[in-house]
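In what follows, a single structure is set out as structure tokens and then discussed.
The values are calculated or read from the model by the stated rules, or taken from the named source; none is laboratory data. Note that the structure is predicted; figures quoted are calculated from it, not measured. Quick reminder, even Gly has a Cβ in these numbers, built from the backbone with ideal geometry, and neighbours come from all protein chains shown.
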Amino acid sequence: METILLLAHTEADGSLAKSAREALRAARTLNQALAGSSLVVGLVGENVQAVADSIAACPATKYFGVAGKDFAQSRYASDAAAAEAICKSAQATIVVAPATSRWARVLPGVAQRLGGRADTHVTGVADAGGKPAISRWYYRQRMEATLTRAQRPWFILVDPGSQTACECGAGTAKIETVAVNLPDNCKRTTVVGIREPKADAQTIRPDAELLFVTGAGWTKKQADGQTHVPEAEKLIRGFLQLSRASLGSSKSLVDQSGEGQAVLSFLSHLNQIGQTGSTPRHPKGLSTCCHGEEPHTVGWRFINERRAISLDPNCGWARGKADVLYVADAFAVMGKINELLAARK
Amino acid sequence: MSIAYQIVVCGSVVPDPLQTLEPVTGPGGPALKNEMMLPAILDPWASHALYEAANLAKNSPGSKVWLVSLGPKAKHQQVMMTVAQKVPFELVALDGPASGFTEAMEVAAALAEAIQAIPGLDKSKLLVFGGWESASRGAGATMQMVGERLGITDQFQGVDELKIAADGSLEILERIEGGKHQISKCAGAPALLGWATGNLPEPKNNPQVGMVNMRTVMPALQKAKPVKLAGEGLSFASVSLPKQLRETKIVKDKSADDIAKEIVEWIKK
Ligand SMILES: Cc1cc2nc3c(=O)[nH]c(=O)nc-3n(C[C@H](O)[C@H](O)[C@H](O)COP(=O)(O)OP(=O)(O)OC[C@H]3O[C@@H](n4cnc5c(N)ncnc54)[C@H](O)[C@@H]3O)c2cc1C
């Protein structure tokens, strides 16, 4: 009989992230599929009651919590101690957790501590003849596998954006407090802050409807034999402000900015999508001035509707991968798009 | 106060990202078609870790860098021809599969054992580096398990920057959600860092560095310990390529105005 533990942490503002509700959905899917299994919830944070109450209508039979100042910060040593203690108290055999940066840092280590196994970037869970199975991608989203495991506890880290969030309602949850006394050697690290770009320079927006992908073409010589980098910068910045899209970039373009050439000032490696970048999830994607073959276009593997603008009608980024390819000058088209969007405001 | 660090970088080999990959079922489970024929590179994020390690070692006199790598001997040989020319390190090679389908826990056990066997290892000076995810398994799980086995609980993932303060404490920038970085301070070594891209460009090949490295690379490859990865308890039901082809509508000969209108309507839909 499996004991399925949904393991979540509170956010900096004390709330529960959408990704945790998505993981809860995956945990419930397994709970429904696996006869005789039970669902329990484990929470870590400075204060966990409000978060437990916010999902109290879910069919979990028990709530476990590790709370206190020591557990407010996203830190390996304290998070590992908390997660380990909850897993033991709950006697969890399957641990479903959102693949947030906080859990991704620590839960594979906790699996090691408990003699279990961990799978990350999980995009689906299912019943495989009475046994739990998961789907995840290999070789940087280039092939998808379905697998099962014999070892327990099995940590399943669900990729944010891959499930619909569980909308179970609020109530009053009775939390079993799990005491964790943190030794001094777990406090050698302290989180001292968050560095983020200024509001107008914040170009990564995970919740945006649209991913706007920029390629190296923006910095290449154009029909007049000149580069137009300042103009490219203005057009892209203008579009991001008007559309509230999230900005992704090809490797070529971010590499240029890293090597001190005159390129787009607001781009960093954090914007890079693809094999050695991220694979964000957005309902729509618009790529501009990109060229790439299959291995490198994995950056928009999880974008549902895709359109591309390129001068190259055989553009490897778009052919067979986008729904629409506009063979056109991105400078001209984006200029017009910005005018239209500005007029709508 | 400058500390002489022992920096151990864990990094394996992966197929060159330019290659087309196709899954096949081998005798031991899933594998890549013509896996042994595919040209390999050092795992990209582990490469960044190696460059950061070399840079730190250069700025902390007396420090030394090891590269601990589990992969097929032949692939190591090929990859070392270029990697060994980049920065100074000593190779600790383990001979075994580098497939993405191998089990992270088993790989971690082999890596941790190899690290523990490094002569003169001093945990108070130890920094374990690696990539925050491989380009093969892409899990971001192995390094944490290595850290646990070594008893290191100051661990960081998605690291883009490490600064050492005068008192030996570490300031670390880790990638978190929404294009932000978390800043942490750690009292000092031992610590484990899974690197993202960091800040350093790929070093140019330096034949002199290559000559020095090769003195240890060749013997390391010769004495590479064989490692068996059983994938115990792990069963793959299927591995498949995604349905790749979309019917791409190609729009030519439309004015910028018309395209813009069409795109704005689509965005706003
Ligand atoms: C180890 C390794 C890892 C890699 N990882 C990644 C990765 O993570 N992500 C990634 O993206 N790539 C990755 N690559 C691939 C590599 O960097 C590619 O070269 C890159 O993706 C292609 O760059 P690009 O699309 O920006 O531009 P280019 O190949 O330079 O193409 C530019 C395109 O812009 C078009 N263009 C120019 N001007 C205009 C205009 N005015 N209007 C419209 N179109 C215009 C051109 O026709 C051309 O098609 C990797 C490669 C290696 C070796």
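Taking the stated definitions as given, is A:Asn271 within 11 Å of the ligand (Cβ to nearest atom) and in contact (Cβ under 8 Å) with a residue 12 or more places away in the chain? Give the derivation first.
Numbers: within 11 Å of the ligand (Cβ to nearest atom): yes; in contact (Cβ under 8 Å) with a residue 12 or more places away in the chain: yes.
Judged against the criteria, A:Asn271 is a match.
Scanning the range B:181-240 for residues that are of a type in the set (Lys, Arg), more than 28 Å from A:Asn271 (Cα to Cα) and in contact with a strand residue (DSSP E or B) (Cβ under 7 Å, 6 or more places away or on another chain) yields a count of 1.
Would you be able to say whether some residue in the range A:148-169 is closer than 24 Å to A:Ala83 by Cα, over 18 Å from the mean Cα position of the chain (by Cα) and at pLDDT below 95?
Applying the first criterion (closer than 24 Å to A:Ala83 by Cα) to the range A:148-169 yields A:148-163, A:165-166, A:168.
Filter once more, so that each one left must be over 18 Å from the mean Cα position of the chain (by Cα): A:148-154, A:168.
Then drop every residue that is not at pLDDT below 95, which leaves A:168.
The answer is yes; a qualifying residue exists.
Being within 10 Å of chain B (Cβ to nearest Cβ) and free of Cβ contacts under 8 Å to residues at least 12 places away in the same chain is a description that applies to A:Tyr138.
So, in the range B:146-164, exactly how many residues are more than 8 Å from chain A (Cβ to nearest Cβ), touching a residue at least 12 places away in the same chain (Cβ under 8 Å) and not acidic (Asp, Glu)?
Pass one, the range B:146-164, residues more than 8 Å from chain A (Cβ to nearest Cβ): B:146, B:150-152, B:159, B:161-164.
Restricting the remaining residues to those that are touching a residue at least 12 places away in the same chain (Cβ under 8 Å) gives B:146, B:150-152, B:159, B:161-162, B:164.
If we keep only those that are not acidic (Asp, Glu) as well, we get B:146, B:150-152, B:159, B:162, B:164.
Residues flagged as more than 8 Å from chain A (Cβ to nearest Cβ), touching a residue at least 12 places away in the same chain (Cβ under 8 Å) and not acidic (Asp, Glu) within the range B:146-164 amount to 7.
Within the range A:299-322, can you find the residues that are among the β-branched types (Val, Ile, Thr) and either more than 9 Å from the ligand (Cβ to nearest atom) or surrounded by fewer than 24 Cβ atoms within 10 Å (Cβ to Cβ) (or both)? Of everything in the range A:299-322, just one residue is among the β-branched types (Val, Ile, Thr) and either more than 9 Å from the ligand (Cβ to nearest atom) or surrounded by fewer than 24 Cβ atoms within 10 Å (Cβ to Cβ) (or both), namely A:Ile303. Tell me, yes or no, whether the range A:214-227 has at least one residue that is modelled with pLDDT of 95 or more and part of a strand (DSSP E or B). Yes; the residues of the range A:214-227 include at least one that is modelled with pLDDT of 95 or more and part of a strand (DSSP E or B).
For the condition under 30 Å from B:Glu202 (Cβ atoms), more than 9 Å from the ligand (Cβ to nearest atom), under 23 Å from the mean Cα position of the chain (by Cα) and among the polar types (S, T, N, Q), what is the one hit in A:Thr203, A:Thr214, A:Thr227? Please lay out each step first, then the result.
On the way: A:Thr214 fails: more than 9 Å from the ligand (Cβ to nearest atom); A:Thr227 fails: under 23 Å from the mean Cα position of the chain (by Cα).
Selected residue: A:Thr203, the only one of A:Thr203, A:Thr214, A:Thr227 that is under 30 Å from B:Glu202 (Cβ atoms), more than 9 Å from the ligand (Cβ to nearest atom), under 23 Å from the mean Cα position of the chain (by Cα) and among the polar types (S, T, N, Q).
For the criterion of being farther than 21 Å from B:Leu32 by Cα and more than 14 Å from chain A (Cβ to nearest Cβ), B:Met143 fails.
Do any helices (runs of 4 or more DSSP H) entirely within the range A:7-122 hold 3 or more residues that are within 30 Å of B:Val107 (Cα to Cα) and more than 24 Å from the chain's Cα centre (by Cα), and if so, which?
On the way: elements: A:18-33, A:49-54, A:76-90, A:101-113.
Of the helices (runs of 4 or more DSSP H) lying wholly inside the range A:7-122, those with at least 3 residues that are within 30 Å of B:Val107 (Cα to Cα) and more than 24 Å from the chain's Cα centre (by Cα) span A:76-90.
Filter the range A:327-345 for residues that are crowded, with 17+ Cβ neighbours inside 10 Å, without any contact (Cβ under 8 Å) to a residue 60 or more places away in the chain and near the ligand (Cβ under 9 Å from one of its atoms) and give the result. Once the filter is applied, which keeps residues that are crowded, with 17+ Cβ neighbours inside 10 Å, without any contact (Cβ under 8 Å) to a residue 60 or more places away in the chain and near the ligand (Cβ under 9 Å from one of its atoms), the range A:327-345 yields A:Val327, A:Ala328, A:Val333. A single entry from B:Gly210, B:Gly233 fulfils the requirement of being more than 30 Å from A:Gly193 (Cα to Cα) and in contact with a Lys or Arg (Cβ under 8 Å, 6 or more places away or on another chain): B:Gly233.
Among the strands (runs of 3 or more DSSP E) contained in the range A:126-174, which hold 2 or more residues that are surrounded by fewer than 20 Cβ atoms within 10 Å (Cβ to Cβ)? Don't jump to the end; show me each part of the working.
On the way: elements: A:131-138, A:143-149, A:154-158.
The strands (runs of 3 or more DSSP E) meeting that bar are A:131-138, A:143-149.
I need the full set of residues from the range A:203-220 which are within 14 Å of another protein chain (Cβ to nearest Cβ) and touching a residue at least 40 places away in the same chain (Cβ under 8 Å), in order please. Steps first, answer last, please.
Residues of the range A:203-220 within 14 Å of another protein chain (Cβ to nearest Cβ): A:203-213.
Passing the criteria: A:Thr203, A:Ile204, A:Arg205, A:Pro206, A:Ala208, A:Glu209, A:Leu210, A:Leu211, A:Phe212, A:Val213.
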